[in-house]
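Notes for the one structure printed next.
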Amino acid sequence: MPRRRCLLALACLAAAACLAAAAPASGKRVLALVSGGDGNAYSQFFAGLEAAGYAVDVRGVKDKDLKLKDFDAYLYDSLIILAPKAKQFGGDLSTQAILDFVDSGRNLVLAASSDASDALRGLAAEVGVELDDRGTALFDHFAHQAAGGAADPTLVASSAVVECDAIFAGAPPQAPVLFKGVAAIVPSSSELVTVALSGEGSSYSHDPKKAMPDPPALPVGGSAALVSLVQARNNARVLVSGSAYLFTNEAFDAPVTLAATGKSYAQSGNKAFATGAALWTLGDRGVLTVGELAHALVSAPGETPSLYRVNDEVEVSITLHVTNAGVTKPYEAEDVQVSFVMLDPHVRARMAHDGAGRYSLRFRVPDVYGVFKYVIDYRARGLSAVALSHVVPVRPYKHDEYERFLLPAYPYYASVASTMAAFFLFGFAFLYSSRELAALRPPLPAAAIHLGEPRARAWAAAHADRVRALTLRGGAAKDDDLGRELGALLARATGAHALALQQCGSLRALPPSVAALTGLRSLSMHYCLRLSALPDGICDLAGLETLSLSSCRRLEALPSGLGRLGSLKSLSISDCGLRALPDSLGSLPALRELTITNCRMLTSLPASLGGLVALESLSLCLCLALEALPRSIGCAPEGRAARVACRAGGLPRARALTRPRRPPRGAARRLSRLRVLVLHYLCRLTALPDELGALRGLVSLSVLGCPDVFALPRMDTPLLKERTVQLR
């Protein structure tokens, strides 16, 4: 009996040893489901997996004994489905069971076809790959295989293989890959899906039983994903192929002859492509192994602290190794980075490696206390994802950890002393150099000064440089006294933007010191009854925008250099003794509004009036001696039309108007921006020039009290909306 028991024990030990030798290693168990349970059509594909050390269990897709796990323990590490038309699965296998299988971190190879079932299409959609509609197939009339002597545009030969050493282990297919099936759509923004094989530029997806939509909304060219690889966030891997034919022995051994070019290959690239992509999916390649995240103070490298203090020098490190075909090597990359996060990353930097798989980073803890977290989230194409996090609190300084005398505090002492010295220097400068510091006083928006009054003279002497809008009234000052006082005041009012002279009845000439007001924008003179001339220096006020002269009845001429006022926008002359306007008036490039009223001595306007290219409004009223308008009013360089408002009115004897002679073709128009034209009570005006009809931008025309004007010229003014005409 003891001898029999000993022999029985030896037999059991031998059987256990045989079973242990025959059992596949962990991660190498593969369940393959095929149609009909016969896997001979895929024997070379399965042989390639077995040569890599995988134990492949080939079953029929409707086998009643199918199950992926037993007593909550999975029986397989990977699942291959080569049954595109399977509507349901046998045994305990279901779509939800397959999704749970992938969610547990295991791998899936899925092959479809043009008539793939809804079950397989749903599985592909769950992993982010959307197969095209049922019945569609990939066509290519240029890059396709000539099968049996006849061109088959659905047997596509594609060389658009992704370049990734982690997937093909440095041995990508050297010949085109034969594909016969359905294309898929993968969003370009997808972070988890890599298109391993895409269509050529001349390929497209289409259902031959349906008409081609216009415009086509189908996968075409490189956007047609033929084989897609999914690296899930839990490091599960999924391969979705639109062609089960790609894995067959026929495709592996078929020679390739491109129908368009005639180029031949002794054998297709299907074997290298299918085997490489499948081995990557089953976890044989591109697997990153991560060591534990370690961190320590630089001052104490052998200890792992439970918390940091602000401004501590720390070092964080991890180890990374990559496994390909069972061979593990240190991983080397320059884009691995770590973040030190509290709500937002306070530190984010790349980690340096030593060539042996160790990545490290030294940094200073931010001067912010709270609960921080190390975060490493590394993703690279073809490699499994790395996601690590570790929480570390950061505390502030304790009360007895601060330095008693800080070297950085000496600049503070120096700043206090410099502030005191600056205060004394400023007080001395303010007391003894008030004029130099006048610019520090706030400006005054407006002031009105009566010339000749002592109090006004004293106030102006102290504050004239601060006034922005200055109004001067003549009062009872004599001519000489008024001129001297006005000249002295204008010499001090250097900051004035607007100057108005009112009721300066004894003023005969404007002082030359007005040219010193370089910032002047508006100048108006009202009721200066004895004013006979303006100084030439007024034409040097480059910023002057508004010039208004009213009731200056002895003023007979304007300065000849008026055209130098490049910024002048508005010129208003009323009740003045002008006999003529300077020829330089037409050189004002910015003038928009010209108003001449009650100038009874004015007999003509300069011929250069047509040069006012920016003029929008022209008003001539009560100019009783004006006999004609210049002909240049309607011909000059073309300008941009402006929009204005007009008023419609009646015109006597409108039927008697005749069409004037049009200007020659190519002739440009002057005053092209003129929108408003007002001609009131021009008693000696006998006719309006025909060129007036060329003002195409004119919108408002008002002609009143011109008894010698019997008719208007033909108006070629499409924008004219308001017209008020009363010739008598």
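The values are calculated or read from the model by the stated rules, or taken from the named source; none is laboratory data. All values reported here derive from a predicted model rather than from experimental measurement. Virtual Cβ from ideal backbone geometry, glycine too; neighbours counted across all protein chains shown. Just the protein is used for accessible areas: all its heavy atoms, side chains included, with ligands, DNA and RNA removed. Shrake-Rupley method; radii C 1.70, N 1.55, O 1.52, S 1.80 Å.
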Exercise for review: Determine the pairs where a residue that is open to solvent by 20 Å² or more (accessible area, probe 1.4 Å), located within the stretch 368-397, has a partner that is charged (D, E, K, R) and assigned to a strand (DSSP E or B) with Cβ atoms under 6 Å apart, the partner being 6 or more residues away or on another chain.
Suggested key: Tyr369/Arg395; Ala387/Asp377; Ser389/Lys373; Val391/Lys373; Arg395/Arg309
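Does Ser532 qualify as being open to solvent by 30 Å² or more (accessible area, probe 1.4 Å) and farther than 25 Å from His497 by Cβ?
For Ser532, the condition - open to solvent by 30 Å² or more (accessible area, probe 1.4 Å) and farther than 25 Å from His497 by Cβ - is met.
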Exercise for review: Go through the stretch 508-524 and count every residue that is within 9 Å of Thr494 (Cα to Cα) and open to solvent by 20 Å² or more (accessible area, probe 1.4 Å).
Suggested key: 3
Exercise for review: Would you point out the residue of the stretch 194-204, among those that are not hydroxyl-bearing (Ser, Thr, Tyr) and not in a strand (DSSP E or B), that is farthest from Asp165 (Cα to Cα)?
Suggested key: Gly201
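Of the residues Pro559, Pro589, Pro630, Pro606, only one is under 17 Å from Ala533 (Cα atoms) and not hydrophobic (A, V, I, L, M, F, W, C); which? Give the steps one after another, and end with the answer.
Details: Pro589 fails: under 17 Å from Ala533 (Cα atoms); Pro630 fails: under 17 Å from Ala533 (Cα atoms); Pro606 fails: under 17 Å from Ala533 (Cα atoms).
From the options Pro559, Pro589, Pro630, Pro606, the qualifying one is Pro559.
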Study note, to complete from the structure: Filter the stretch 480-507 for residues that are out of contact with any helix residue (DSSP H, G or I) (no Cβ under 6 Å at 6 or more places or on another chain) and of a type in the set (D, E, K, R); the one that is most open to solvent (accessible area, probe 1.4 Å) is Arg484
Review point. Say we look at the stretch 538-557 and pick out the residues that are open to solvent by 20 Å² or more (accessible area, probe 1.4 Å) and more than 22 Å from Leu674 (Cα to Cα); which of these is modelled with the highest pLDDT?
Key: Ser550
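Just give me the residues in the stretch 697-710 being in a loop (DSSP other than H, G, I, E, B) and open to solvent by less than 50 Å² (accessible area, probe 1.4 Å), in sequence order.
Gly697, Leu698, Val699, Gly705, Cys706, Val709
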Point to revise | Any chance Tyr265 is touching a residue at least 40 places away in the same chain (Cβ under 8 Å) and surrounded by fewer than 18 Cβ atoms within 10 Å (Cβ to Cβ) | key: yes
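What strands (runs of 3 or more DSSP E) lie completely within the stretch 319-407 and have 2 or more residues being in contact with a strand residue (DSSP E or B) (Cβ under 8 Å, 6 or more places away or on another chain) and either at pLDDT below 90 or of a type in the set (Gly, Ala, Ser) (or both)?
386-395
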Revision key, fill the gap. Output for Cβ contacts, cut-off 7 Å, separation at least six or different chains, first residue within 14 Å of Ala244 (Cα to Cα) in the stretch 41-54, second modelled with pLDDT of 90 or more and not in a helix (DSSP H, G or I), reads Ala41/Thr248; Tyr42/Val34; Tyr42/Leu82; Tyr42/Thr248; Phe46/Ala32; Phe46/Val56; Phe46/Val58
Revision key, fill the gap. With criteria (1) assigned to a loop (DSSP other than H, G, I, E, B); (2) at pLDDT below 85; (3) more than 25 Å from Leu558 (Cβ to Cβ), Arg655 comes up short on (1)
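Residue-by-condition table, conditions (1) open to solvent by less than 50 Å² (accessible area, probe 1.4 Å); (2) within 30 Å of Leu99 (Cα to Cα); (3) out of contact with any strand residue (DSSP E or B) (no Cβ under 6 Å at 6 or more places or on another chain):
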position	(1), (2), (3)
Val240	yes, yes, no
Thr275	yes, yes, yes
Gly291	yes, yes, no
Ser317	yes, no, no
Exercise for review: Would you check if there is a residue in the stretch 410-421 being polar (S, T, N, Q), open to solvent by 60 Å² or more (accessible area, probe 1.4 Å) and either on the phi > 0 side of the Ramachandran plot or part of a helix (DSSP H, G or I) (or both)?
Suggested key: yes
Revision key, fill the gap. Just one listed residue, out of Ala458, Ala496, Ala476, Ala491, is at pLDDT below 85 and not in a helix (DSSP H, G or I), and it is Ala476
Review point. For the stretch 348-363, what are the residues that are touching a Ser or Thr at 6+ places or on another chain (Cβ under 7 Å) and under 22 Å from Val394 (Cβ atoms)?
Key: Arg348, Met351, Ser360
Review point. Hey, does the stretch 204-212 have a residue that's farther than 25 Å from Lys85 by Cβ, loosely packed, with under 15 Cβ neighbours inside 10 Å and basic (Lys, Arg)?
Key: no
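Take the residues in the stretch 69-117 that are among the basic types (Lys, Arg) and touching an Asp or Glu at 6+ places or on another chain (Cβ under 8 Å); name whichever of them is nearest to Gln231 (Cα to Cα).
Among residues in the stretch 69-117 that are among the basic types (Lys, Arg) and touching an Asp or Glu at 6+ places or on another chain (Cβ under 8 Å), the one nearest to Gln231 (Cα to Cα) is Arg106.
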Practice item. Run Glu303 past the list (1) part of a loop (DSSP other than H, G, I, E, B); (2) open to solvent by 40 Å² or more (accessible area, probe 1.4 Å); (3) out of contact with any helix residue (DSSP H, G or I) (no Cβ under 9 Å at 6 or more places or on another chain); (4) closer than 30 Å to Gly105 by Cβ and report the number of the one that doesn't hold. Key: (4)
